[in-house]
Structures are given as C-alpha cells and as structure tokens.
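None of the figures in this text is laboratory data; all of them are computed from the coordinates on show. Nothing here was measured: the structure is a model prediction, and the numbers come from that model. FYI the Cβ positions are ideal-geometry reconstructions off the backbone, even for glycines, and counts take in every protein chain you see.
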Amino acid sequence: MSPGLRSGQVAEAAGVNRQTLRYYERRGLVAEPDRTLGGHRLYPPETVTVLRVIKTAQRLGFSLDEVADLLSVGAHRHGRRPESGLRARAQDKLAEVEQKIADLSVIRDTLREAVAAGCDDLVACADSPCCPLPFVELTKEADRVED
C-alpha cells in the first residue's frame, strides 16, 4: 500500500477540520482515500492541495457546486471548451462581485443620507418627502414586477 496521510494530518496541513474533509469527500470534491488494513483512511499528499484550492475558491465567492464544477473541468482538460475554464468563470464571478459592490455602495450612501437626515421612524419617514430612503421607488419597482 502506498504511503499516505491520515485524516488528521490532511486536515491540519490544509487548515480545515476533519468533518470538513469528510464532507468534501461525501460531496465528491475529494477522492475517496485508500484504507489501511485497520480501516484508517490514507489520503494522497495532493489532497492537501485540493483542500486549499477549495477553501481559496470559496473565499473568492465560488459556491461548493461551482468549485466542484471547476475541479471537474480541471480534471478533464482534454477537449475542454475555453468558456468552461477557470478564466471564464472568474470573469463571470468578477462581474457578479462588481455588481454587488455597486449595489452595496448605493445602500451605504442611502444609509448615510438616512442617518444625516435624522430618520428615526420608518413609517413616518416613508411619508416624508425629504426622506432619503427609496420607499416610493421600491413601491414602483414592485408594482412593475407584479404587472
């Protein structure tokens, strides 16, 4: 049997806990390891790299389903379409993040205006023409969606 790392060693080296390792194994993100005669899991050293890749991708905003898909695409490099690779998906994720940042900037600016205007009561503020909160615009948007 080839030398390998036990669950605790892999988890510690990758900076995850054992339950995370097992969860990723159940999800198919990490290959099922060999076992010793005593039943202990023995992971190849590359498992540490795979775990680090998964955690990094998650920190970049990729869901576990997206990570699984990226790992699958990477494992099947032959015949791969360019639009299915990391670069294309990173561009899509970047556009998503930039949109979230733009949305959050609008929220931040509106909240700053509400604080500066002294808004203290949502119902009273909703009827005030000087309230910076977009009650009227949100109502119009909701009406358009219902139509």
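Check which residues have an amide H placed less than 5 Å from Leu5's amide H, if you skip close sequence neighbours.
Answer set, sorted by chain and number: Tyr43.
With an 8 Å Cα cut-off and a minimum separation of 6 or more residues, compute the relative contact order for region 1-80 in percent. Spell out each step's value before the answer.
On the way: 65 pairs, mean separation 24.0, N = 80.
Result for region 1-80 is 30 percent.
Quick one: net charge of Ala57's neighbours, Cβ under 10 Å, K/R +1, D/E -1?
On the way: positive: Arg52, Lys55, Arg59, Arg89, Lys93; negative: Glu66.
Neighbourhood net charge equals +4.
At what distance in nm do the modelled label points of Asp127 and Arg52 sit from each other, each positioned 7 Å from its Cα along Cα→Cβ?
Reported label-point gap for Asp127 and Arg52 is 6.2 nm.
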